[in-house]
Each structure stands twice: as C-alpha cells, then as structure tokens.
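Colleague: Quick one: the structure is below, questions incoming.
FYI, it's all coordinate maths here, none of it is from the lab. The shown structure was predicted, so the numbers you read here are calculated from the model rather than taken from an experiment. Every residue, glycine as well, gets a Cβ built from its backbone with ideal geometry; the counts of neighbours run over all protein chains shown.
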Amino acid sequence: MVNKLPQRKIRHCTLLLLLLLACMFISASTAAPVQAKAKVYKIKSAKDWKNISKKKGGKFKLTKNITLKNTKQYLTIKKNKKYTIDLNGHKITDWGTGSESSPLTINKGTVILKNSKKKGGVIYSKEWMGIQVNGKAKLYMKNNASIVNDPTEFRTGLASAIYLTGSAQCYLQGTNVVQGINNGVAMMGSSKLFLTGRPRIRAGALNSTMNFTHFGSGINILESGCRVSLKGGSIGTKATPDTVMNGITFTGSGSYPVLDRMGKSLTLDPGYKYLDYKGNNVGITGSNVDALYQRITGSTGSSGMPGEKKLTTTVQDPEGYYTVFIVKK
C-alpha cells in the first residue's frame with residue numbers, strides 16, 4: 001500500500017500534463033493566423049512614379065522630391081485596383097510641356113492620396129490639369145495631401161487642379177489644399193464631389209502670363225448630371241464678383257466660389273450653412289439666362305439654356321479671396 005500511492009499521483013500528474021498539452025495544441029491550431037505586413041513600395045524617381053501603373057494595386061511612399069521632365073514620366077492608372085500613395089512630405093513637379101495632360105491620371109480603380117507628414121505633400125502641376133479622374137475611377141485625398149495647378153502658359157476653360165469626367169468620384173477628406181489658376185475642381189458628365197473635414201479649394205490669380213490674368217471658379221460644375229456634397233471646408237476665388245451695369249449683370253467667366261452652369265446640381269446640404277469671412281449667411285443665388293438673353297438681343301424667344309446657380313460672396317478674406325465656408329448649423 002505504501003508504494004501504490006506515489007504511483008497513483010504519478011499517473012494523475014501524467015494525465016493532467018497530457019490534457020494541458022492537448023489544450024495548448026488546440027488553442028494554437030485555432031488561433032488567427034498572423035497577417036503578413038503589406039509591402040510598401042518606395043518611390044524615389046520619375047521612373048518609379050511612372051511604374052506604379054504596372055503594379056496591381058498596393059501601397060507606395062515617396063522618399064524624395066521628384067521632377068517629371070516629360071509626359072512619358074506621367075502616371076496613368078489603368079487597372080481596377082486600389083492604390084494608396086503617401087506623398088510623405090515630398091513634392092512631385094512636372095516641367096510643364098504645354099500638353100493637355102496631367103502628372104496623375106486615374107482611368108480605373110481607386111487612388112488614395114495622402115501625406116503622412118505635417119508639412120509638404122503636394123503635386124505641383126504646370127500642365128492643363130493637376131489630376132484627372134475619368135470613367136468610374138475614384139480619388140480620395142486624405143490628411144493634408146495637396147494639389148496645385150499653375151500652368152506655364154495661358155489656359156482657358158477647364159484648366160483645373162482636379163478634373164472629373166464620366167461618373168468619376170472625388171472625396172476631399174482632410175485639410176487638403178486644391179488650388180488652380182482657372183478652377184479648383186472642374187466637373188463633367190455625372191461626376192460627384194464630396195467635401196468633409198477642412199479642405200480648402202481655391203481658384204484664380206496665382207499669377208499672370210502672356211498679359212492675361214487667370215481666373216475661374218473654385219468648383220465649376222459644367223453638366224447637369226454632376227453632383228456635389230458640401231459638408232465642410234471652404235471654397236474661394238480671387239476673381240471679381242458680378243458687376244451690374246444698366247440692369248445687366250456681367251460676370252468674369254464664371255468667377256464664383258461655386259458655379260453650377262446648368263443650374264441643377266447645387267443644393268444646400270441638410271444640417272449645414274454657408275458663411276462668408278465675416279460670418280454672414282451666404283445663400284445659393286441664380287440668374288435667369290433666358291431673361292438676360294432676351295434683354296441683350298431684344299428677342300422674346302428662349303436661349304435654350306437653364307438658369308445658373310452660384311454660391312458666392314462679395315466679402316474678401318485676408319488673402320484676397322471671395323471665400324465661402326461650409327459649417328454645421
């Protein structure tokens with residue numbers, strides 16, 4: 001009897017040890033697998049920038065400032081994938097070849113443009129446009145990533161920092177600066193623009209070239225299928241507001257913070273209000289194009305054009321812009 005007691009204890013201990021090992025094995029086999037860290041591709045040259053298009057999506061980070069010397073070095077996204085590009089405080093500059101192109105064109109997929117640094121992080125374009133978004137592509141601008149369009153030669157019409165066509169979508173979601181000599185954002189087709197956070201869209205009067213002064217709208221909505229959602233930020237232009245002479249209103253080629261040329265896209269977002277720099281309420285105004293047409297021509301017929309809608313102010317901010325601020329009620 002004396003020798004049997006220790007043997008029982010040994011058997012019990014052995015059984016408990018086996019059970020413990022079995023539990024550890026089951027726990028290890030059912031634990032979630034460790035996720036491999038996604039590779040981040042370093043962008044340190046114009047060639048690297050161009051070759052982003054060869055990847056099937058992924059994460060990319062600039063490690064130095066880059067100058068694009070010709071259109072062959074520009075980036076065009078053609079795959080229906082997700083690309084996250086971190087400007088990382090650096091600057092991409094094109095030399096301005098005079099072509100109607102842009103250093104970044106998105107024809108398919110989704111591009112998330114961000115800046116992980118507190119300063120810098122800008123695409124500076126001297127071409128016709130800074131970023132083009134076409135078809136069903138999407139552009140997200142986060143943090144303080146910015147785009148500036150400063151053409152080296154005189155451009156009219158649709159020159160812009162961001163140019164949207166088709167059913168493209170653009171989301172400005174940070175403290176982004178979107179600035180263009182003619183337009184901040186130009187919209188065509190059934191494109192959509194969403195503002196949240198504190199983005200700043202500015203247009204006009206960066207400089208004068210060839211004896212012309214550049215001017216335009218912060219947001220220029222050119223077709224009736226476009227839609228905008230304004231839930232934060234500010235929009236301004238340096239162009240002179242309307243001038244009224246002999247009862248006729250003269251405008252500076254659409255020189256408003258927001259101009260809806262077809263009069264169908266611009267509405268007041270629920271829960272938000274528009275203020276000028278002094279804190280005064282700013283409403284959406286319209287102009288009866290047919291009445292103006294009849295007054296000028298003396299005709300009682302119709303011009304066939306709808307009335308425009310515009311979001312504008314006559315109050316300048318300290319930087320000389322006629323700026324509208326979007327704030328919650």
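Colleague: Would you please give the residues with an amide H less than 5 Å from that of Ser116, counting only those at least 5 places away or on a separate chain, with H modeled from the backbone geometry?
Modeller: Leu87, Asn88, Gly89
Colleague: Stretch Asn70-Glu100 to full length: gain in nm at 0.36 nm per residue minus the Cα-Cα span?
Modeller: Full-extension gain reported as 9.6 nm.
Colleague: Could you please rank Arg202, Arg227, placing first whichever residue has the fewest other Cβ atoms within 10 Å of its Cβ?
Modeller: Ranked by crowding around the Cβ, least crowded first: Arg227, Arg202.
Colleague: Next question. By how many nm would the segment from Asn51 to Glu223 lengthen if fully extended, with 0.36 nm per residue of separation less the alpha-carbon distance?
Modeller: The Asn51-Glu223 span can extend by a further 58.5 nm.
Colleague: Still on this structure, please answer the following. Quick one: compute the contact order of segment 99-153, relative version, from alpha carbon pairs under 8 angstrom and 6+ residues apart, as a percent.
Modeller: The value is 46 percent.
Colleague: Could you calculate the FRET efficiency of Lys117 with Ser287 from 1/(1 + (r/R0)^6), where r is the beta carbon distance between them and R0 is 41 Å, rounded to 0.05?
Modeller: The pair Lys117/Ser287 has a calculated efficiency of 0.40.
Colleague: Here is a further query. Using each residue's phi in segment 62-79, evaluate 6.51 cos²θ - 1.76 cosθ + 1.60 at θ = phi - 60° and report the 3J(HN,Hα) Karplus result to the nearest Hz, with x for Gly and Pro.
Modeller: These are the phi-based 3J(HN,Hα) values: 6, 10, 7, 5, 10, 10, 9, 8, 7, 5, 5, 9, 6, 9, 10, 8, 10, 9 Hz.
Colleague: Amide H neighbours of Ile43 under 5 Å, counting only residues 5+ apart in sequence or on other chains, H built in-plane at 1.01 Å?
Modeller: Answer set, sorted by chain and number: Lys61, Leu62, Thr63.
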